[in-house]
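Undergrad: Before I ask anything, let me first share the structure, which is written out below as structure tokens.
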Amino acid sequence: MIFSLILGFLLLIIGLYGMLTQKNLIKIVIGFSIVDTGTHIIIVSIGYLSGKTAPILDSTVDLANAAKQVVDPIPSALVLTAIVIGLAVTALMLSFVIKLYQKNKSLSIDDYQELKW
Amino acid sequence: MISIIIIVFGIIMIIAAFLAIHLKNLLSAIISAGVISLLASVIYLLLAAPDVAMTEAAIGSGLTTIIFIFTLKKIKKGDLDD
Amino acid sequence: MVNPIYILTLSLAAGFLLTLIDKSGRKLSLTVFYGILSLNVFIIGEWFYRLTFLNTPTVIINTAGFSAPLSINLQLGMQEAFVLLFANLTALLSAVYLFKKFKETHISGLILYLIMIVGVNGLVMTRDLFNMFVFSEILSISTYALITLTETKKSLSAGFKYMIAGGIASTFFLLGVTFIYYFTGNLNLDFIHLGNFSNLGFISIFLLAIAVFIELKPFPANGWALDVYEAVDSGIVSVIAVVNSAAIFFVFYKIMPILPQNFLNVFGIAGVITFFFSNLMGLKQKNAKRLLGYSSIGQIGLLVASLIFTMHLPRSLMYLIVGGFFFNHLIAKAGLFWITGIVKKENLKDWNVLKNNKPLLVLFGILLFALAGFPPFAGFWAKWEFVKMLVHGKMFFVVGTILLGSLFEVIFLFRWFTLSIKGDEKTEHKNISLELSKMFPTTIFAGITILISVLIMKFFYDFNWLHALPVLAVLIINVIDFLPSKIKGILSLAAVLTYGYLIYPLESNIQLFFGIIFIIGSAINIIGTLNRKGKSEGFYGLLLMMIFSFGNLLVAITYLEFFLSWEFMTISSFLLILRGKKAQKASMLYLIFSTAGAYLMMVGFSLAPDLVSNSVLILSISNVSLPIAATILLSIGFMIKSGSLGVHIWLPEAHAEAESDVSPFISAILLKAGVFGLLMVGISYIKHTPSFDIFYWIGWIGVLTAIVGAFLASFQEDAKRLLAYSSMSQVGYIVASIAILSHLGWLSAMYLSFNHMMFKSALFIAIAGVYYRTHTRTMYEMGGLIKKMPLSFISVLIMIIAVSGVPPLSGFGAKWLIYSSFIEKGWYLQAGVLFFASGVSFLYLYRIIHTIFLGQLKYEHQNVKEAPIWFIIPQYIFIIGIMAISMFPNLIIQPLNSIAMRYFNSSIIIDGYTISSSLGYWNGNLVMYVTMGVFVVPLIFLMLFNGRMQKVKQFNIVYAAERPESPQTTHVAHNMYAHYRKALGGWGKPRIWDFWHEVSEWSHSLADSIRQLYTGNGQTYILHIIMYVIVIYFISGV
Amino acid sequence: MNIWIKILYAVISVLVVTIYGLTLGGIVRKIYARVHGRYGPSVWQPFLDIIKTHGKRVSISHGYMFYLGPIFRLAGGLGTYLFIPVIFGSVVFSNFSIAGDLLLVMYFIFFGQLGMALGAGEGGHPYSPLGIARGLSQMTAFEVPFSLAVIAIAIQYNTFNLTTIVAAQQGSILNWTLFTNPLAVVAAMISLLGMNMHPPFSIVLAPQEIPIGPPIEMNSSFLATLQTNRGLFTAAKLILFMNLFFGGATNLPIMIIKTFLIYMFSVFVGASFPRFRPEQSMRFFLKWPTLIGVASIIFIAYF
């Protein structure tokens, strides 16, 4: 599905844009989660073939021709895993944000650059 | 048909994404991000991936948003402590 | 034989169970934790043994009962087992290192650690791309979480940057995996082939590859990694830098077969660039851990490059190169990161606390030398073979970049090392607490580095044990270091003589000749060191290492053996110089120039054609025609060691700052190693003279070295510095004479080498004696010592006559031979310059003897005694030598004649004691008798007719109507040749110093401006990554 | 040849030349005095000086090197002289020239200078090292044109053998190096001015700044030894120059005439110029004479 593919890429780019331009740590994490979502949409779009149904074997699907009627299930499986992993990473990022804030009372990434060169 | 829905949702998602990035209010930004995930789950459904749609709705838009809000609360609370 | 899948399941299970286990006490959970880690090591170790030595076939584990591609499969072959053994061992030792931390912190630390290990093991074994993604995420997430074990602002902000960078990289990875699946319908590496991809499909491979590559921290998209290295706890960092890097590196190795060649080339070059720039930027780094970070990033770049460029080599060679770099870098890096955690000092300047901590210092030294790629450690062999391979592949630009990068690395690593040993005393000395849990892993790794070097030397190259002797000497002397230094000195003397006896039946005279200079010369000089009091810990080990390396140069058969001994010589002399009180800068200069020279030689030897016979190198090289480039590079390498003009600036510093009984070795013997090498190049050159006359220019350099050295010597205030420049000047003569490439020229070069060995040893030892008594090297602070140290004076007197070339002593023979050879060759102007240089040498020779021994005795030296007997003995042995060859020149001229005749037709006739060349003649014996006659007759006359002589007091001099105040104002010594300096005007300025100073300044400021890239802002780092991906995308031309 | 006869000849040769050299010194002093408008000392004054200083009742020594200094100096003069074949074809005056060639002579010149410098150094008087530093520096400078000239000669005659060099100049006055290689002779003659230390190159003994320089502490027999050497050494240098550039000599009168004329050259220059400062002197030698020397080499080697 070309539109969803484009949508996925657009979200990815907007997310990156957000990560690059926003100074607020939470905004950066939001940007990251948008990137994640965009990636997921891209993956699902790749697996989608128009006119086919979900890879669930129920009455609408003819068992004999199942392979031809359903979309490829593997991308879906990948996305499922990726979503969970994405959540984990997002959560971990946020816990870093909390800890950073508790220590330094600032959410601006500009305040965390004494490590350099 | 599906294309049109995807285009419409897509436009909304992109707007939401911009809002999520540019809104000054963090809570609104978080919710905008949640909206993106929610709409994404609809798109998954349209793309014949109901299982992904369910996961995304639960985890992507639900759990993630909750974690964000939790973080926000933690931080706000920390502010009051001072 | 345990199924390797248990490594994953056991750790995972234990990880989840630990929460429960911890309820019944941390002790139990720690036991389980370390038990599991050890079990992992054991299982993998057993597999590694089976796969490597029992030829067990590669294990393939299919999950879910189906075979691939239907299911995910894991594979454990020899390579996997190797990487895993290493990773698990490092993980275990790191865990031991973190013992204290694990005991105190929350149980989640242990759990995360185990999960991380699962990630590493899975990542290495899996053949499925998506599975790889999952394992890499497991690895990353657990690593991110482990960072929070230390909750400092720095570590948290570094962790955050690490996370967003890692997040971006894994997004690329995921996209790459899905697109690969889209194009090939497959996720299993064994079923994906390059042929499956359309043009568009290459993008998917690109995404996958670049994602892995970003994780390998290429320059400049690696700011996040540096911050992590700097900020995170040493124990965790060593895991990140070593275990994680090893796993990701292996992932890159796994996906290499599906990458098209043009990608690989780009990545290879990117690796080289990373290596170069990280090391360049490391020059400016003051923070120890960040410095290691720069080095680490660079080494990974080199590792990737070596992997890509050696892909097509035979397996065993590839294993040596890539495996060598892999081991060398990772082990050393882990060890050094651990040491930073033990020392707990951020700024390199504060590392002088190591000075008082010998065990830690030894570990630090071993790991640092290994990291810098010095022999006998694995990195040395890998570098040697890698450079050779690159040179054969005509990839000169890559070679140059890598070697320059390595040089930078050597500079910053050893600046650190020298600061640790010699840094300012000012900082407070708190003893470092050596916790067993931290020392143990470090020691194990230092041990492994040594073990591997032994294995490589024994099994890969099968060296003669003689070539391990330099290292053995250090070890043995270290064992008996508790003995007083005199006993060790006598043992060393015996060892050197035994060694000489051992290698004695040498194949040729030329070896014998240099053997006498290297071995006998050293043996006599060792007598001077017997004056040492106390224990002189470590000194004799290094000294023996250096002397044995000299000897090994003579008996080396292959280029590699020669180069190995050369490097041993460099290391030992560097450390010997470093023993001097203020030798930090001097030894650094020496090391930098020596290393640069060694790298040039490495390339030179790689360019050289294979040797045809099995004789020693100096003989067999005559059958080999060196290409012009090899001749030039080797010559420069050797001329750096002999202190030729332009690259001489290390020489005065090293001579002056080394301990006073070490200086004679450096000046009299070490410089001759360069002469030996240059002669070796010459031997090949004369048999196969190319059209472009290189030695003509070498000759000019030698001549200019002679004159500039002489002038610089004349303007010194420091006695040792003066002698050092004098050595430079003398070796300039030698180099120029070698460059003549004629019988007479080589005769003079060898004659002068021998002479120089004797008179410069004696002079340096004499100055050592003076320094020992007066505690100063500044000449104008002395004066009138002839009355207190007559024996030293006589020795210096005879030696300066020998240096100056005044008849009847042997120095004149050298001058006679040199001028004859120059005129014979037709190098007239060069001969003119040498005349000038020999005139100028009178200035410094007079200066050294006058300002120290003549003139007014200073009050503070009224009670100075003669130099100790240990200094006097070697001087007089050398005097006997000088006298013998002066009286009977045939003693030396005849053997040298026969050596030179091996390569040229003889151009001299020896008739009795008269030696005639085509130009003139010289009868040393008769000259001696005549001189004695004309000396003795006036002496007797004067003694007969001057009987009323009276001695007078110090100040009883004819001084126009006033009495001199003090010796200081009456002794003309300071800036003695001010008028000459004035006469030289602008020519007297030390331009070469300025030049090298500028080079240093320039590279440091370049380093500083490049590292401004790393702004410290996480967003910049993301931008770098994205830009990097785009740039690489366009370069690869997908 | 019997070695004792050889030694006897050498003694004769040395005596003759020493007497000649000292007389020459007396003549020069006379000339300088006349130029200055004085009557001047007797021509035999150098002999009288030597006898007088030897006869001094008090003799002061500052140490054994001080004692040996003058001996080194005289040995240097004697040695230099003895390695030069003085008169071409004469057995008595061939000395020990079989021991070495021109290079030996050039380097033996330094023997005495170095020894003297050491002896004077032990005297402990500040003027000695000052004079020596100047002397050595000037020596390095005038050695450059001289050695270039010597190299030019070595190229020209393809030998360092002094006898061969003299032999090649026999036959006609046009065979002298003076005419066959004039540039080298010019360079060498300028450095002779430096060697002889007459003004403008008299910086070593410079009476106004460092009265008589290095030998300032020398007295009685020591001074006498030095004075003896002054005569001998001057003559030796002149003979060397004569041999190298002016065709040598086949008998004693010709040698005396030629060396006298060579010496007069530096005396005339010396009488007409004031003194250089040390750095001026060095710069001078390193500039024009050196260039002339280089030119002579290029000329002789490549044209």
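Undergrad: Quick one: which residues, 5 or more positions from D:SER59 or on another chain, have an amide H under 5 Å from its amide H? H modelled 1.01 Å from N in the peptide plane, none for Pro or chain starts.
TA: C:GLN950
Undergrad: On average, how much accessible surface per residue is there in region C:463-936, in Å², for a 1.4 Å probe, leaving out ligands, DNA and RNA? Please list the in-between numbers first.
TA: Working: 12570 Å² over 474 residues.
Per residue, region C:463-936 has 27 Å² of solvent-accessible surface.
Undergrad: Another question, if that's okay. What residues of region D:135-159 lose no less than 50 Å² of accessible area with every protein chain in place versus their chain by itself (probe 1.4 Å, heavy atoms only)?
TA: Residues of region D:135-159 that lose at least 50 Å² of accessible area once the other chains are added: D:LEU136, D:THR140, D:ILE151.
Undergrad: A further question on this structure: May I ask for the net charge around C:HIS1004, where only other residues with Cβ less than 13 Å from the Cβ of C:HIS1004 are counted and Lys, Arg are +1 while Asp, Glu are -1? List each step's numbers first, then the result.
TA: Working: positive: C:LYS284, C:LYS286, C:ARG415, C:ARG1011; negative: C:GLU998, C:GLU1001, C:ASP1008.
Overall, the nearby charge balance is +1.
Undergrad: What is the percent carbon and sulfur in the accessible area of region D:202-303, measuring with a 1.4 Å probe over the protein chains and ignoring ligands?
TA: 73
Undergrad: What accessible surface, in Å², does a 1.4 Å probe find on C:SER606, ignoring ligands, DNA and RNA and rounding to the nearest 10?
TA: Surface open to solvent at C:SER606 totals about 0 Å².
Undergrad: May I ask you to give the solvent-accessible area per residue for region D:3-302, in square angstrom, as obtained with a 1.4 angstrom probe? Numbers along the way, then the final one.
TA: On the way: 10190 Å² over 300 residues.
Accessible area per residue: 34 Å².
Undergrad: Using a Förster distance of 35 angstrom, determine the FRET efficiency expected from the C-beta separation of D:ALA167 and D:LYS287, and round it to 0.05. Let's see the in-between values first.
TA: On the way: r = 35 Å, r/R0 = 0.99.
Efficiency computed from Cβ-Cβ geometry: 0.50.
Undergrad: Just to confirm the filter: which chymotrypsin sites (Phe, Trp or Tyr not before Pro) across region C:49-147 are DSSP coil and have at most 11 other Cβ within 10 angstrom of their Cβ?
TA: Numbers: sites: C:TYR49, C:PHE53, C:PHE66, C:PHE82, C:PHE86, C:TYR97, C:PHE99, C:PHE102, C:TYR113, C:PHE130, C:PHE133, C:PHE135, C:TYR144; in loops: C:PHE66.
Listed in order of number, the matching sites are C:PHE66.
Undergrad: I would also like to ask the following. Sort chain C into rounded, prolate or oblate with this rule: let a ≥ b ≥ c be the square roots of the eigenvalues of the Cα gyration tensor; rounded if a/c is under 1.5, and if a/c is not under 1.5, prolate when a/b is larger than b/c, oblate otherwise. Each step should come with its number before you reach the end.
TA: Details: a/c = 2.44, a/b = 1.96, b/c = 1.25.
Cα axes put chain C in the prolate bin.
Undergrad: Next question. Report the extension gain between D:ASN175 and D:ILE212 in nm, rounded to one decimal, defined as 0.36 nm multiplied by the number of residues separating them, less their alpha carbon distance. Provide the component values of the computation, followed by the final result.
TA: Working: separation 37, 0.36 × 37 = 13.32 nm, distance 4.09 nm.
Going from the current span to full extension adds 9.2 nm.
Undergrad: With a 1.4 Å probe and all protein chains kept in place, how do C:ARG773, D:ARG29 rank by accessible area, largest first? Before the final figure, lay out each step's value.
TA: Working: C:ARG773 70, D:ARG29 100 Å².
So, going from the largest accessible area down, we get D:ARG29, C:ARG773.
Undergrad: So with the 1.4 Å probe, I'd like the accessible area per residue for region B:2-81, rounded to whole Å². The partial results should precede the final answer.
TA: Details: 3770 Å² over 80 residues.
I get 47 Å² per residue for region B:2-81.
Undergrad: Which of the aspartates and glutamates could a cross-linker bridge to C:LYS344, judged by Cα under 13 Å and excluding same-chain residues fewer than eight apart?
TA: Excluding near neighbours in sequence, the set is C:GLU230, C:ASP233, C:GLU435.
Undergrad: Follow-up question, since we're still on this one. At a Cα cut-off below 18 Å, give the aspartates and glutamates reachable from D:LYS237, other chains included and same-chain residues fewer than 8 away excluded.
TA: D:ASP101, D:GLU143
Undergrad: To the nearest 100 Å², how much accessible surface do chains C and A cover up together, summed over both, with a 1.4 Å probe?
TA: Values: alone 38770 and 8400 Å², together 43010 Å².
Heavy-atom accessible area buried at this interface is about 4200 Å².
Undergrad: Give, ordered by residue number, each residue of region C:952-986 whose 1.4 Å probe accessible area is reduced by a minimum of 30 Å² on adding the remaining protein chains to the chain alone.
TA: C:VAL952, C:ILE957, C:VAL958, C:TYR959, C:VAL972, C:HIS979, C:TYR980, C:LYS982, C:ALA983
Undergrad: Next up: Sort out for me the Cα centre separation of region C:150-198 from region C:341-395, rounded to whole Å.
TA: 33
Undergrad: Alpha carbon centre of region C:795-825 versus region B:5-24: separation in Å?
TA: Taking the Cα centre of region B:5-24 as reference, the centre of region C:795-825 is 92 Å away.
Undergrad: Roughly to the nearest percent, how much of the accessible area of region C:260-462 is carbon and sulfur, given a 1.4 Å probe? Could you put the intermediate results ahead of the total?
TA: On the way: 4370 of 6630 Å².
C and S atoms contribute 66 percent here.
Undergrad: Are there residues in region A:33-47 whose accessible area shrinks by at least 30 Å² when all protein chains are included rather than the chain by itself, and which are they (probe 1.4 Å, ligands and nucleic acids not counted)?
TA: A:ILE34, A:THR37, A:THR39, A:ILE41, A:ILE43, A:VAL44, A:ILE46
Undergrad: Moving on. How do C:THR776, D:THR164 stack up against each other in accessible area, from largest to smallest, with a 1.4 angstrom probe?
TA: Details: C:THR776 15, D:THR164 65 Å².
Ranked list, largest accessible area first: D:THR164, C:THR776.
Undergrad: Would you tally the net charge around C:PRO807, using a Cβ to Cβ cut-off of less than 12 Å, leaving C:PRO807 out, and scoring K and R as +1, D and E as -1?
TA: On the way: positive: C:LYS815; negative: D:ASP101.
Around C:PRO807, the charge tally is 0.
Undergrad: Quickly estimate the mean residue ellipticity at 222 nm for the protein assembly as shown, helices only: each DSSP H run with n ≥ 4 gives -39500 (n - 2.57), and the total goes over all residues, rounded to 500. Provide the component values of the computation, followed by the final result.
TA: Numbers: 62 runs with 1068 residues, N = 1540.
Estimated from H runs of four or more residues: -23500 deg cm²/dmol.
Undergrad: At 1.4 Å probe size, with the rest of the protein present, what percent of the exposed accessible area of region C:463-936 is carbon and sulfur atoms? Walk me through the numbers before you get to the answer.
TA: Working: 8360 of 12570 Å².
About 67 percent, which is the carbon plus sulfur part of the accessible surface.
Undergrad: Rounded to the nearest 100 Å², what is the sum over both chains of accessible area buried where C meets D, with a probe of 1.4 Å? Don't jump to the answer; show the numbers that get you there.
TA: Numbers: alone 38770 and 13960 Å², together 46060 Å².
That pair of chains buries around 6700 Å² in total.
Undergrad: Please compare each pair in C:LYS486/C:LYS533; A:LYS116/B:LYS76; C:LYS720/C:LYS858 to a cut-off of 18 Å on the Cα-Cα distance and tell me which ones are over it. Don't skip to the end; give the middle numbers.
TA: Values: C:LYS486/C:LYS533 8 Å; A:LYS116/B:LYS76 30 Å; C:LYS720/C:LYS858 20 Å.
Check vs 18 Å cut-off fails for A:LYS116/B:LYS76; C:LYS720/C:LYS858.
Undergrad: Follow-up question, since we're still on this one. For the interface of B with A, what's the total buried accessible surface in square angstrom, probe 1.4 angstrom, rounded to the nearest hundred?
TA: Numbers: alone 5870 and 8400 Å², together 10630 Å².
Summing both sides, the interface buries roughly 3600 Å².
Undergrad: Let me know the longest stretch in chain C that avoids all GluC sites (Glu not before Pro) found in a DSSP loop with at most 12 other C-beta atoms within 10 Å. Before the final figure, lay out the partial values.
TA: Working: sites that count: C:GLU425, C:GLU428, C:GLU962, C:GLU965.
Here the longest segment lacking exposed loop sites spans C:429-961.
Undergrad: Give the shape of region B:2-81 as rounded, prolate or oblate, defined through the alpha-carbon gyration tensor: a ≥ b ≥ c are the square roots of its eigenvalues, a/c under 1.5 means rounded, and otherwise the shape is prolate if a/b is larger than b/c and oblate if not. Walk me through the intermediate numbers first.
TA: Working: a/c = 6.38, a/b = 1.81, b/c = 3.53.
Because a/c hits 1.5 or more and a/b fails to exceed b/c, region B:2-81 counts as oblate.
Undergrad: Using Cα centres only, tell me the gap between region D:36-93 and region C:870-920 in whole Å.
TA: Here the two parts' Cα centres lie 34 Å apart.
Undergrad: Any of C:LYS582/C:LYS641; C:LYS787/C:LYS815; A:LYS27/A:LYS99; D:LYS30/D:LYS287; C:LYS254/C:LYS284; C:LYS438/C:LYS488 with alpha carbons more than 25 Å apart? Name them for me.
TA: Values: C:LYS582/C:LYS641 22 Å; C:LYS787/C:LYS815 32 Å; A:LYS27/A:LYS99 16 Å; D:LYS30/D:LYS287 33 Å; C:LYS254/C:LYS284 36 Å; C:LYS438/C:LYS488 33 Å.
In this structure, C:LYS787/C:LYS815; D:LYS30/D:LYS287; C:LYS254/C:LYS284; C:LYS438/C:LYS488 lie more than 25 Å apart at Cα.
Undergrad: At 1.4 Å probe size, with no ligands or nucleic acids counted, give the accessible surface of C:TYR903 in Å², nearest ten.
TA: That residue has around 30 Å² of solvent-accessible surface.
Undergrad: If Lys and Arg each add +1 and Asp and Glu each add -1, what is the summed charge of the other residues whose beta carbon sits under 13 Å from the beta carbon of C:VAL471?
TA: Details: positive: C:LYS458; negative: C:GLU567.
Its environment carries a net charge of 0.
The values are calculated or read from the model by the stated rules, or taken from the named source; none is laboratory data. Just so you know, these numbers come straight off a predicted model, no measurement behind them. All Cβ positions, even for glycine, are placed from backbone atoms using ideal geometry, and neighbour counts span all protein chains on display. Just the protein is used for accessible areas: all its heavy atoms, side chains included, with ligands, DNA and RNA removed. Shrake-Rupley method; radii C 1.70, N 1.55, O 1.52, S 1.80 Å.
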